[in-house]
Amino acid sequence: MYPTSQAEAHHLATGLNHPNKAMSTAMAHHHGPQAAVVALHLLLQILLVMVCLILPSSAGGAFTGNNIAAAVAPVPCLQDQETALLRLKRSFTATADSITAFRSWTVGTDCCGWAGVHCGDADGYVTSLDLGDWGLESAGLDPALFDLTSLRYLNLACNNFNMSELPSIGFDRLTKLISLNLSTTNFSGQVPHSIGLLTNLVSLDLSVSFEILEEPDDTYMVFGLDDIEQLTVTNFTSLVANLTSLRELYLGYVDLSQSTDWCYALSTYARNLRVLSLPICNIYGPICGTLSDLRSLSVIDLQFSFLTGLVPDFIANYSFLSVLQLSYNNLEGWISPEIFEHKKLVTIDLHHNPKLSGSLPNISADSCLQNLLVGHTNFSGTIPSSIGKIKSLRRLGLNALGYSRDLPSSIGFSGNLPSSIGELKSLNTLKVSGFNLVGPIPAWITNLTSLEILQFSLCGLYGPIPSSIGHLIKLKTLAVVQCKASGRIPPHIFNMTQLEELALGSNNIIGTVELNSLWRLPNLSLLDLSNNKIVVLEGQDNSSMVSFPNIMFLKLASCSLTKFPSILKHLNDCIGLDLSNNQMHGVIPRWVWEKWSTDFDGNGGLFFLNLSHNKFTSVGYESFLPIYSVKLDLSFNMFEGPLPLPQYGSQVLDYSSNMFSSMQRNFSSQLRHTYVFKASRNNLSGNIPTSFCMVYEFLDLSYNTFDGSIPSCLMEDAKSLRVLNLKENQLDGELPDNINENCTLELLNISGNRIKGQLPRSLVACKGLEVLAIANNEITGSFPCWMSTLPRLQVLTLKQNNFFGLVTPSSAKDKITCGFPSLRILDLSSNNFSGTLNKEWLSKLTSMMVKVSNETFVMEYYAYQGEVYQLTTELTYKGSELQFDKTWRTLAFLDVSNNAFQGNIPADIGGLALLDVLNMSHNSFAGPIPSQLGHLVHLEALDLSSNELSGEIPLELASLDSQH
């Protein structure tokens, strides 16, 4: 909880009407000497009034009873204030909520007594209007509001203004406003400049409330932002330049992507800011250094802001900092351990920063920490036992392990899990991971009787789950995922009636489980028994049961299921179902689609359905499936016929490795929200439909028999496509030219087709391109030196085309412009290249010389909903054509074989120290083998055959342990 709140501004605004309430609030929050003075002042006011009331009347006295009554008698609401309020009321749509909310707002009654209305200064002017959380709806904010010019506190939060724009003028009339709360009101457009003229503003809230649902496998979903419009600030300086009194700023989900001045503006004009809350604001870039000028900050919330770079050390120097939330960003580097030793920090939330590294120091027992979260990061080392002495801890997230799932086992926490954690009686969340954590699953976890969430994931802990786990009667989430748990599921688990999530996937658990035995857990919403040695039986379909659990996510992958469990008919609220890697076959029952069908507005539906790696032959439906899905995975089955598209669309569709042979006609509307579409290794033929140009991020149609030319819209018009894989089809013609200047392609693979012509030079617009694979085509032209302007190009495969001429530039100008410093894989084999390989060109292949840090280990790409696309490559390795399903970024590969190169083998190749594979065979290289090749200590394959080499084999090659 934040140390200051928006409610305090309300108390400041209404304190004169409610002095006792204001005094008690100020005392309760303990805000230092200033608050104490305010409380004392209010107390003196109250005492003065009391003294006046008990003084005896006298003829010569200044006050009489009647005079006192006249002095304190409240002035009823003024007519113009009532008129403005009634007009505002009429601007809201009449609903059951509004009728109830405005019941007291009737003509002829004192509007100062209406619900949500307060007047101050005994003058009949409205000073506070609180309509927050009333559930009201309106087509726009009525200008009548701006007639309430004495307002100090305005709260319209959690009402729906239906994407209307905030009025551009009017707010500047509310010059006395101290607190403005427009949180989650569904306004759109620009934040008006007039809000920046409210010079008395202490608290400004334009945020949108959201909730993050994290699953035990570290995936997450963000709820609350659907159908909510974003406000935008393009000039942050104009917003805050006059807000010198600002103490609290909440702008969650306000688009600041064009406000690159936000940090400078705050540090210049809002020097006394205490609360800075900017989650999901599209900030981008690093945390700027000028933020250090905001010395009064007590809350920093920059979640989901696309932040990069380092966590600045100056954060540890904020004297008043109590909340630090930097989760769900791309921060990197080593974080200072001093941050964890900060005496006033209550929350340190760094989780979901995969490249952020660090270790936990010994933390003092007098620490105020309540929330310590470093999950899904690159933190490592041992977990200090001192952590068990921090009695204030409520949430402890030590489930590190960033990057991808293909991690070296040395990453993450290691050593023993300190038993001192078992002394944290107030702990309600414990999440731990680390492949090198040793020892059995600890029995002391059952001492943590306040636990509501217990999660061990991606860890080396082994052995049975303690049978005494049933003592944790408050437990809502029990997750032991991808560890080494063994034995049977403790029977006591089925008596833990508070359980909402039970995730035991990817372990060595044995035994038989009947689904109907789980119905005894009435609150269960997530069940994961996948990838164990468990046999799941359907059990008796007891349809006479009064109720079934409201399971939303059911994961039974690799559970030896032989048919679709009919008992699932009773799961009315299920939105996620994973039955992959089983032995189910035949037709998917029709009731599956009808049970979880979706109406036209997208209500209902099975959002996540994974039936991959089974033996299904038919979906049981001839037309479009009557569902909307976030992700539908039917890959690796035996489906035939047309691709079954969801009628109401899907964000992720995977039909790979089946026998689908055709497409539905006119299916563009079904792809309007599709981010990922995979249909590789099927029997699809004909021209590629232009409807695929609607796919946002990943499109994979490889290994089919599509013919004709590549639709120009896939490359020329695509503005968000990041992965395009059309490998191994029968496409012909030339590559589309005039590629969009906003090209976002990161991977382009058209290998194994019949493409002719030259590479389009407009490919240089694709500044993020990492992989270009065009092998096995009929493309011609000289070596594309012009592609050296692509700064991230790491894989260039030109194999088996009709390229010709020199690879190394001859002119001085080309020598400068033909460097490829990021290339790790370069395959020029089976072309007509000629000439020599020279020193200048080789010296620029720096990624084959020096390791690059802060990179993911596997070349993979992430899309919406955490979907991962991994690069597969086919390379000539030790004389054979091999396919690498995963391409490691550590692989360095150079193949110039089957060309017409001549001259000596350059000694400078010995400088490419990271090379794993070097193939120079079938050329006309002459002269001796340079001894410098002995410097290639990583070399696993070297082929110099079929050349005109002479002399002896250098002794230095004998030291290459992997040399063949």
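The values are calculated or read from the model by the stated rules, or taken from the named source; none is laboratory data. Not measured: the values here are computed from a predicted model. Neighbour counts run over all protein chains shown; Cβ positions are idealised from the backbone, glycine included. For accessibility, only protein heavy atoms count, side chains too; no ligands or nucleic acids. Shrake-Rupley method; radii C 1.70, N 1.55, O 1.52, S 1.80 Å.
Between Ser245 and Thr149, what is 0.36 nm times their sequence separation minus the Cα-Cα distance? Round to one decimal in nm.
Computed gain between Ser245 and Thr149 is 32.7 nm.
Between Asn904 and Ser426, what FRET efficiency comes out of the Förster formula 1/(1 + (r/R0)^6) with R0 = 51 Å and r the beta carbon distance, rounded to 0.05?
0.10
Using 0.36 nm per residue, how much length does the chain from Asn330 to Glu594 gain when fully extended, once their Cα-Cα distance is taken away?
Working: separation 264, 0.36 × 264 = 95.04 nm, distance 4.14 nm.
Separation in residues times 0.36 nm, less the Cα-Cα distance, equals 90.9 nm.
If each of His471 and Ser834 carries a label point 7 Å out from its Cα toward its Cβ, how far apart are those two points in nm?
For His471 paired with Ser834, the spin-label model returns 8.3 nm.
Which entries in the list Lys678/Lys878; Lys631/Lys767; Lys431/Lys533; Lys727/Lys756; Lys474/Lys555; Lys389/Lys431 go over 26 Å, if you measure between the two C-alpha atoms of each?
Lys678/Lys878; Lys631/Lys767
Listed highest first by mean packing, meaning other Cβ atoms within 10 Å per residue, what order do 161-172, 86-97, 693-704 come in?
693-704, 161-172, 86-97
Pairwise over distinct Cα atoms, reciprocal of the mean inverse distance: report the Kirkwood radius of the stretch 196-270 in Å, one decimal place. Walk me through the numbers before you get to the answer.
Values: mean 1/r = 0.0715 Å⁻¹.
The Cα-based Kirkwood calculation yields 14.0 Å.
Per residue, how much accessible surface does the chain expose to a 1.4 Å probe? Answer in Å², no decimals. Walk me through the intermediate numbers first.
Details: 39520 Å² over 964 residues.
Roughly 41 Å² per residue, with all protein chains present.
So what's the gap between the Cα centers of the stretch 871-938 and the stretch 450-502, to the nearest angstrom?
Comparing the Cα centres of the stretch 871-938 and the stretch 450-502, I get a distance of 51 Å.
Find how much the distance from Arg87 to Phe624 grows on full extension, using 0.36 nm per residue of separation minus their present alpha carbon separation; answer in nm with one decimal.
Gain in length upon complete extension: 188.4 nm.
In whole Å, what is the distance between the alpha-carbon centres of the stretch 766-803 and the stretch 732-747?
13
Please report the orientation-averaged projected area of the stretch 724-832, defined via the convex hull of its C-alpha atoms, in nm².
Spelled out: convex hull of the Cα atoms, projected over all directions, averaged, 6.3 nm².
What 222 nm value per residue comes from the helices of the chain, counting each DSSP H run with n ≥ 4 as -39,500 (n - 2.57) and dividing by all residues, nearest 500 deg cm²/dmol?
The helix-only estimate for the chain comes to -3000 deg cm²/dmol at 222 nm.
Using a cut-off of under 20 Å, list every residue of the stretch 331-369 whose amide N is near the label point 7 Å from the Cα of Leu225 along the Cα-to-beta-carbon line.
Once the point is set 7 Å along Cα→Cβ of Leu225, 331-332, 349-355 turn out to lie under 20 Å by backbone N, inside the stretch 331-369.
Once the Cα atoms of the stretch 694-771 are picked out, what are the Rg and Dmax in Å?
Computed over the Cα atoms of the stretch 694-771, radius of gyration and Dmax are 11.5, 30 Å.
What is the Cα centroid distance between the stretch 129-204 and the stretch 681-708, reported in whole angstrom?
Their Cα centres are 49 Å away from one another.
Between Val535 and Asn666, with labels modelled 7 Å along Cα→Cβ, what's the label distance in nm to one decimal, could you check?
For Val535 paired with Asn666, the spin-label model returns 5.2 nm.
Enter the per residue convex hull volume of the stretch 306-422, computed from alpha-carbon coordinates, in Å³ rounded to the nearest integer. Mind showing how you got there, number by number?
Working: hull volume 10.9 nm³, N = 117.
Output value, Cα hull per residue: 93 Å³.
Averaging sequence separations of C-alpha pairs under 8 Å and six or more residues apart, then dividing by the length of the chain, give the relative contact order as a whole percent.
Computed over the chain, the figure is 3 percent.
Using DSSP, restrict attention to beta bridges with both residues in the chain and report what percent are antiparallel, rounded to the nearest 5.
10
Taking H placed 1.01 Å from N in the peptide plane, check which residues at least 5 places from Phe884 or on another chain put their amide H under 5 Å from its amide H.
The list, which skips near neighbours in sequence, is Thr873, Glu874, Leu875.
Given a 1.4 angstrom probe, I'd like the percentage of the accessible area of the chain that is carbon and sulfur, rounded to a whole number.
Carbon and sulfur: 52 percent of the exposed surface of the chain.
Report, as a whole number in µm² per second, the diffusion coefficient that Stokes-Einstein gives for the stretch 380-532 at 4 °C and 1.567 mPa s using the Kirkwood radius over alpha carbon pairs.
D = 83 µm²/s.
Taking 60 Å as R0, compute the FRET efficiency from the Cβ-Cβ separation of Ser931 and Ile169 and round it to 0.05.
So the FRET efficiency works out to roughly 0.15.
Starting from the amide H of Gly927, placed 1.01 Å from N in the peptide plane, find each other amide H under 5 Å away whose residue is 5 or more places distant or on another chain.
Residues meeting the amide H criterion: Ser950.
Going 7 Å from the Cα of Lys391 along its beta-carbon direction, which residues of the stretch 317-343 have the amide nitrogen within less than 19 Å of the resulting point?
The answer is 343.
When Lys and Arg each count +1 and Asp and Glu each count -1, what net charge do the other residues less than 11 Å away from Leu180, Cβ to Cβ, add up to?
Result for the neighbourhood of Leu180: -1.
Give me the Kirkwood hydrodynamic radius of the chain, using the inverse of the mean 1/r over all pairs of distinct Cα atoms, in Å to one decimal.
Value: 32.7 Å, from the Cα pair sum.
What chymotrypsin sites (Phe, Trp or Tyr not before Pro) does the stretch 553-655 have in DSSP loop regions with at most 14 other beta carbons within 10 Å?
Filter output for the stretch 553-655: Phe600.
Let's test the formula: R0 of 25 Å, r as the Cβ-Cβ distance of Thr497 and Phe306. What FRET efficiency results, to the nearest 0.05?
Using R0 = 25 Å, I get an efficiency of 0.05.
At 24 angstrom or more along the helix axis (alpha-carbon based) and mean Kyte-Doolittle of 0.0 or higher, what helices does the chain contain? Whole DSSP H runs only.
32-54
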